[in-house]
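Have a look at the structure below before the remarks.
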Amino acid sequence: MIGLELILHSLLYGGILSILLGAVILISMAYNAELWLNDYPPDIRRKYGPASERTRRQRKWVSIPFFVVILATLAAAALTLQAATGSKPGFPALFVTLFLAFSVFNLFDLLVIDLFLGMVVRPRFMLLPGTEGMAGYTDVTYHAVAFLKGLAGGAVLALVLSGIFLLVV
């Protein structure tokens, strides 16, 4: 059964995921914004050019904790779902929980990181050298499409992880 407890549980873990991944993104971006080059709009990527060899080597040191945080947080959400709802979760409950939790982060990424920080505040560390003032930094459509792709990716991730957790737990 999908009830209020499940939704609140999902929102809690979505908030945790948002804080943790937001920290990974912002800290790594402050260290080297080029690590996130593939997430910038196309005009900015074209003008900036390819990532340096140094950045390509560093990406694994960001991508590993990024994916570990996603998997660990979603696993914790799945493993604590029975305690939150009072019943053993089936596939639909697991899927909804994981999808909602990931979607909360996806929305946080859009609203806080992309739109608020990236478009309104525009801290210097988020601007790639030589691309300051480019139109892509204010391209809401690009970020909206990325959000929709994130929803689709989140659905696939939730589908796969729900199946795995259903078999394992």
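Here the simple spin-label model places points 7 Å from the Cα toward Cβ, and for ASN38 and SER63 these points are separated by 0.5 nm.
When only alpha carbons are used to place a centre, the range 110-168 and the range 1-52 end up 6 Å from one another.
Pull up all non-local amide H partners of MET134: gap of 5 or more, or a different chain, and H-to-H distance under 5 Å with H placed in the peptide plane. HN-HN under 5 Å from MET134: empty list. Peptides 47-56, 110-119 ranked from most to least packed, by the mean per-residue count of other Cβ atoms within 10 Å: 110-119, 47-56. Each principal axis of the Cα cloud of the range 86-129 was evaluated for its coordinate range; sorted largest first, these ranges are 51, 17, 13 Å.
Backbone geometry of the range 82-93 corresponds, through the Karplus equation with coefficients 6.51, -1.76 and 1.60 at θ = phi - 60°, to 3J(HN,Hα) couplings of 4, 5, 6, 9, x, 9, 5, x, x, 4, x, 5 Hz, x marking Gly and Pro.
If I compute Cα Rg over 2.2 N^0.38 Å from the structure I just sent, which labelled value in (i) 0.99; (ii) 1.23; (iii) 1.14 lines up? The listed entry that was calculated here is (iii). Computed from phi, the 3J(HN,Hα) profile of the range 99-107 under the Karplus parametrisation 6.51, -1.76, 1.60 (θ = phi - 60°) reads 5, 5, 4, 5, 5, 4, 5, 4, 5 Hz, with x in place of Gly and Pro. Using just its DSSP H runs of length 4 or more, each adding -39500 (n - 2.57), the chain gives a mean residue ellipticity at 222 nm of -23000 deg cm²/dmol after division by all residues.
Here the 3J(HN,Hα) profile of the range 144-152, calculated from phi with Karplus coefficients 6.51, -1.76 and 1.60 at θ = phi - 60°, is 5, 5, 4, 4, 5, 5, x, 5, 5 Hz, Gly and Pro shown as x.
Each value in this text was obtained by applying a stated rule to the coordinates, not by laboratory testing. All values reported here derive from a predicted model rather than from experimental measurement. Note that each Cβ is placed from the backbone with ideal geometry, even for glycine, and that neighbours are counted across all protein chains shown.
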